[in-house]
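> The structure under discussion is supplied below as structure tokens; questions concerning it will follow.
The values are calculated or read from the model by the stated rules, or taken from the named source; none is laboratory data. Computed from a prediction, not measured in an experiment: that's the story for all the values here. Note: ideal-geometry Cβ built from the backbone for every residue, glycine included; neighbour counts use all protein chains shown. These accessible areas exclude ligands, DNA and RNA; they are computed on the full protein's heavy atoms, side chains included. Shrake-Rupley method; radii C 1.70, N 1.55, O 1.52, S 1.80 Å.
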Amino acid sequence: QVQLVESGGGLVQPGGSLRLSCAASRSNFSPYYMGWYRQTPENERELVARIANDGSVGYADSVKGRFTINGDSAINTVYLQMNNLKSEDTAVYFCNAKAPSGSYWGQGTQVTVSS
């Protein structure tokens, strides 16, 4: 079984930055994709950004130009750099990995954007 360990959430003012990290507990995990989702009490979980094992990336329209996802070559560890944060980015952010053995989720990390 693989665990995804997230870190980097917190409280930041509008316009500020945060960097989220997600690390797989196994070094030979080799997922197809790693991604970040977010969820609020009012909304369903939504995809924010995703990176494939060929290095290709994708973003939700709401974060394009502000968020950047990257990772190591095997995408066992991925990062989400979030710049110019807005109040509407406030949510619990979840790391997700899709691998031959299944889909895995992290425990979630709270991001709060508020003055």
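> If you go through the stretch 68-101 one residue at a time, how many are open to solvent by less than 60 Å² (accessible area, probe 1.4 Å) and among the small types (Gly, Ala, Ser)?
Qualifying residue count for the region: 5.
> For the stretch 72-91, name all the residues that are of a type in the set (A, V, I, L, M, F, W, C), part of a loop (DSSP other than H, G, I, E, B) and modelled with pLDDT of 95 or more.
Hit for the stretch 72-91 is LEU85, nothing else.
> Would you tally the residues in the stretch 92-115 being over 14 Å from ALA24 (Cα atoms) and assigned to a strand (DSSP E or B)?
So the answer is 7.
> Restricting to the stretch 1-39, what's the tally of residues that are in contact with a strand residue (DSSP E or B) (Cβ under 8 Å, 6 or more places away or on another chain), open to solvent by 40 Å² or more (accessible area, probe 1.4 Å) and part of a loop (DSSP other than H, G, I, E, B)?
Within the stretch 1-39, residues that are in contact with a strand residue (DSSP E or B) (Cβ under 8 Å, 6 or more places away or on another chain), open to solvent by 40 Å² or more (accessible area, probe 1.4 Å) and part of a loop (DSSP other than H, G, I, E, B) number 7.
> Out of the stretch 40-57, which residues are open to solvent by less than 30 Å² (accessible area, probe 1.4 Å) and under 12 Å from the mean Cα position of the chain (by Cα)?
Once the filter is applied, which keeps residues that are open to solvent by less than 30 Å² (accessible area, probe 1.4 Å) and under 12 Å from the mean Cα position of the chain (by Cα), the stretch 40-57 yields VAL48, ALA49, ILE51.
> I'm trying to understand the selection: among the residues of the stretch 1-20, which are farther than 12 Å from CYS95 by Cα and β-branched (Val, Ile, Thr)?
Correct list: VAL2, VAL12.
> Could we say that GLY65 is small (Gly, Ala, Ser) and open to solvent by less than 80 Å² (accessible area, probe 1.4 Å) here?
no
> For the stretch 35-59, what are the residues that are under 18 Å from SER17 (Cα atoms) and free of Cβ contacts under 8 Å to residues at least 24 places away in the same chain?
Within the stretch 35-59, just TYR59 meets the criteria.
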